[in-house]
Every structure is written in structure tokens, then in C-alpha cells.
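The values are calculated or read from the model by the stated rules, or taken from the named source; none is laboratory data. Because the structure is a prediction, the values reported are computed rather than measured. Glycine gets a Cβ as well: all are built from the backbone with ideal geometry, and neighbour counts include every protein chain shown. Heads up: the accessible areas ignore ligands, DNA and RNA and are worked out on the full protein's heavy atoms, side chains in. Shrake-Rupley method; radii C 1.70, N 1.55, O 1.52, S 1.80 Å.
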Amino acid sequence: MLSHITAARDAALASIASAATLDEVNDLTSRLTGKKGDLAQLKTRLGSLASIDDKKAAGQAINDAMAAVAAALESRRAALGSEALAARIERERLDLTEFVGAPKRGHAHLVTQAWERLEDTFVGMGFQIAEGPEVETDWHNFEALNMGDGHPARGEFDTLFVDHVPPGGVAGTTLLRTHTSPVQIRTMLTQEPPIYIVAPGRVFRRDTPDATHMPVFHQIEGLVVDRHITMADLAGTIEAFTKAFFGAGFTSRLRPSYFPFTEPSAEFDIQRPNGDWIELGGCGMVHPNVLRAGGLDPEEWSGFAFGFGIDRMAKERHGVDDIREMYSDDIRFAEQF
Ligand code: PHE
């Protein structure tokens, strides 16, 4: 009997040692430890043994053998489990340092680049950045800028109106701002002079897109209000800006013009080192009616304002023929800059 037990145990341990997968270990577990297992079968034959001592010795041997088999199954299962885990980790390993080619770096849109450089230049000259809403009131966009109802200059701004009637207000008085000049009014109404601000922003006009026009474009407004500000301060500021932004080889000039909200008014041009003149924007001394609309006394305060297109400037700077290209999302265009 004892030799049968030893043989059954050794056979069981040998098959456990050669089990190659967890599935095989599971099969062996039910086969070796179940009722039909060799050791279990031997146990049923204990009754046929003659002496109590033989029964005791054989029973003890069977229990020891079963414990040894159970322990061997457990340790084989653990060993195969950690092997499987190690294999899985190896299989799913990601080499985060792997070199997959040079990264492709994008860049900001041409208009954003120009916008940020303009801000940097004016901040360097002592200006602060101001802003206002893109959806404006008729009053801020026109009325307060000396363009009352029916003023002919309103016709030059192809205005997009918004279907919104303010509480207690009048229909047809909410619009998409046609220029950044309403920020002049908002700044004067919220800030005590001296005022030295620039206000870059998005503006809207009911224009059909063509090589030089888009219905959505960008402007930067400048406003200075202080004591004893003169046209010489305006011309000097424009000239200092031209050199700081475009380079020492550039100069500027003012040409007489007309805007309802400045008096006198001028267009300003810049001259390239090669002698070409480029028209950049409008400017002038803030009209007394505009100062009044901003809550300021024109006898005490004076100022100048200017405004110009950012998109047009980016277009000039990079020699883009058609302004629509800048909004076409064509990667072949964007990658050139
Ligand atoms: N707002 C004017 C425009 O859009 C430009 C301008 C701004 C002119 C400030 C004078 C002073 O054309």
C-alpha cells in the first residue's frame, strides 16, 4: 500500500512539474485532487488493510501525499502566473523613448502673429491693451462717434445688424461692430485720463469676399487722451511705431482725410526702404463731440486716435496676393510661413 501511495504521489508531482500552462494546471487540479484521483482511490481501500497501525500509517501517508500534491499545484500555478504576467508585460511594452521621426511643429495664424507683435510693440511704447464686445450697440459704434442717425458716413460701413432688441430698447440698434473705434468710447467711459490704449479685435462688414476684402477682419485701434495732446504727438507716435514695428528703414506720412470722429483727420502711409508707399490706416485728433460722448470735457482734455487693418498688414508683410488664402485652411499655404 505504502509503495502505491508513493508511486501515485511521484507520478502526480511529475505531471505537475511538466504542466506548461495554467490551463494544464487547472486540468491536473481536478484530475489529481478529485474523487477519481489515484490518491482518493487509494483512500477508499484503507478499509481493506488488516491492522489499525497499517491503516494509520497508510492514512497518514495519503494525507501527506495529498498535501504535497496540493502544494505543488499551488506553486506551479503561481510560477506560471508570474511567467504569464512577465510575458504579457514584455508583449505590451511601449518604448516611450522610441524615435519616430522629427516632430512637426505648427505655428500661429499669420493674423495672430501680427496681432501679437503689434501688442508687443505698443506695450513697449507704454500703451495698455483694451477690448470691447464684437456685438455692439448702434450708439457705441456710430452715435457716440459723431455719426448720428442718417449721417452719410454710416453708409460707408456696410453694417450687419443682429436680430436682437435690448430690454426697453429699439429694434435694429444691435449690430456687429464695423470697426474697433467703439472701444474708444467704452474706454473713456470706464477709465480716467490719461488714457494710452490700443485695442486689437475682430470687426465685421457686409462685404463679398475678394482678393482684398473679407466680411470678417481685424483692426487695431489706438487712443490717447491727456492734457495738451497735439497733432505733433500723433505724427511722432505713428513714426515711432513705424520704425519699431517695420524696421529703421521705414518712415511714415500723414495725408489729409475725413472721419466723423476725428478733426482734423488723416490717412497714414508707410514707406518701404525701396521707396514704395503703402496705405495703412486712418487717424486724427479726437473730435470734441466724441470726448463729450465719453464723458470728458474737451476744454480740459485732448487726444488722438488711429486705426488700421491687421489682416491687410499681414498680407503686405508676407506678400500674400489674395487675402482669402489666409482663411482657406490649406496646409500648403500655411506651411510657407
Ligand atoms: N475706424 C476707422 C475705420 O475703420 C479708422 C480710424 C480709427 C480713423 C481711428 C480715425 C481714427 O476706417
Task: Prolate/oblate/rounded call for the range 150-239, Cα gyration tensor, a/c under 1.5 rounded - done: oblate
Task: Cα-based Lys proximity count in the chain, under 27 Å, for pairs eight or more positions apart or on separate chains - done: 9
- [ ] Work out the P(r) tail for the range 62-184: percent of alpha carbon pairs separated by more than 23 Å, whole number.
- [x] 67 percent
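So how do Glu156, Glu131 rank on accessible area, 1.4 Å probe, biggest first, that is with the largest at the start?
On the way: Glu156 140, Glu131 160 Å².
Result, largest first: Glu131, Glu156.
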Task: the chain pair-distance distribution - Cα-Cα, 10 Å bins, rounded % - done: 5, 18, 20, 11, 5, 3, 4, 6, 8, 9, 7, 4, 1, 0
Open item on the list: Can you give me the solvent accessible area of His179 with a 1.4 Å probe, rounded to the nearest 10 Å²?
Closed with: 10 Å²
Task: Ser48 paired with Lys35, simple spin-label distance in nm, labels 7 Å along Cα-to-beta-carbon - done: 1.9 nm
TODO: Could you work out the local net charge near Met147, counting Lys and Arg as +1, Asp and Glu as -1, over the other residues with Cβ closer than 11 Å to its Cβ?
DONE: -3
Open item on the list: Explain nothing, just compute: Karplus ³J(HN,Hα) = 6.51 cos²θ - 1.76 cosθ + 1.60, θ = phi - 60°, for every residue of the range 215-231 in order, whole Hz, x for Gly and Pro.
Closed with: x, 10, 8, 10, 10, 10, 9, x, 9, 10, 10, 7, 8, 6, 7, 10, 4
TODO: Ignoring everything but the protein chains, give the 1.4 Å probe accessible area of Met1 in square angstrom, nearest 10.
DONE: 50 Å²
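So with the 1.4 Å probe, I'd like the accessible area per residue for the range 241-337, rounded to whole Å².
49 Å²
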- [ ] Count the net charge of all other residues whose Cβ sits under 13 Å from the Cβ of Ser15, scoring Lys and Arg as +1 and Asp and Glu as -1.
- [x] -1
TODO: Report ³J(HN,Hα) in whole Hz for each residue of the range 78-83, in order, from the Karplus equation J = 6.51 cos²θ - 1.76 cosθ + 1.60 where θ = phi - 60°; Gly and Pro get x.
DONE: 5, 5, 5, x, 6, 4
Task: Gain in span if fully extended, Asp322 to Gln191, counting 0.36 nm per residue against the direct Cα distance - done: 43.2 nm
Task: Projected label distance in nm at Lys243 and Ala211, using a 7 Å step from Cα toward the beta-carbon - done: 3.5 nm
Open item on the list: If exposed means no more than 13 neighbouring beta carbons inside 10 Å and the site is in a DSSP loop, what's the longest run of the chain without any exposed trypsin sites (Lys or Arg not before Pro)?
Closed with: 228-337
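Carbon and sulfur together cover what percent of the accessible area of the chain at a 1.4 Å probe radius?
On the way: 10100 of 18950 Å².
Carbon-and-sulfur percentage of accessible area, whole number: 53.
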TODO: Once you have the Cα-Cα distance between Arg227 and Lys55, take 0.36 nm times their residue separation minus that, and quote the gain in nm to one decimal.
DONE: 50.0 nm
Task: Under-5 Å amide H pairs with Ser257, H placed in peptide plane, nonlocal only - done: Ser265, Ala266, Glu267
Open item on the list: Looking at the chain as a GNM with Cα springs under 10 Å, which of His140, His164, His218 has the largest mean-square fluctuation?
Closed with: His164
Open item on the list: Just to be sure I understand the model, the point goes 7 Å from the Cα along the line to the Cβ. What's the resulting Phe161 to Asp149 distance in nm?
Closed with: 1.2 nm
TODO: Restrict the search to the range 88-190; then list the chymotrypsin sites (Phe, Trp or Tyr not before Pro) that DSSP places in a loop and that have at most 12 other Cβ atoms within 10 Å of their Cβ.
DONE: Phe99
Task: Residue-span extension gain [His4 to Glu119] - 0.36 nm each, minus C-alpha spacing - done: 31.9 nm
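When the helix-only estimate is applied to the chain (DSSP H runs of n ≥ 4, each -39,500 (n - 2.57), divided by the residue count), what is the mean residue ellipticity at 222 nm, nearest 500 deg cm²/dmol? Working shown, then result.
Values: 11 runs with 138 residues, N = 337.
The helix contribution divided over the chain gives -13000 deg cm²/dmol.
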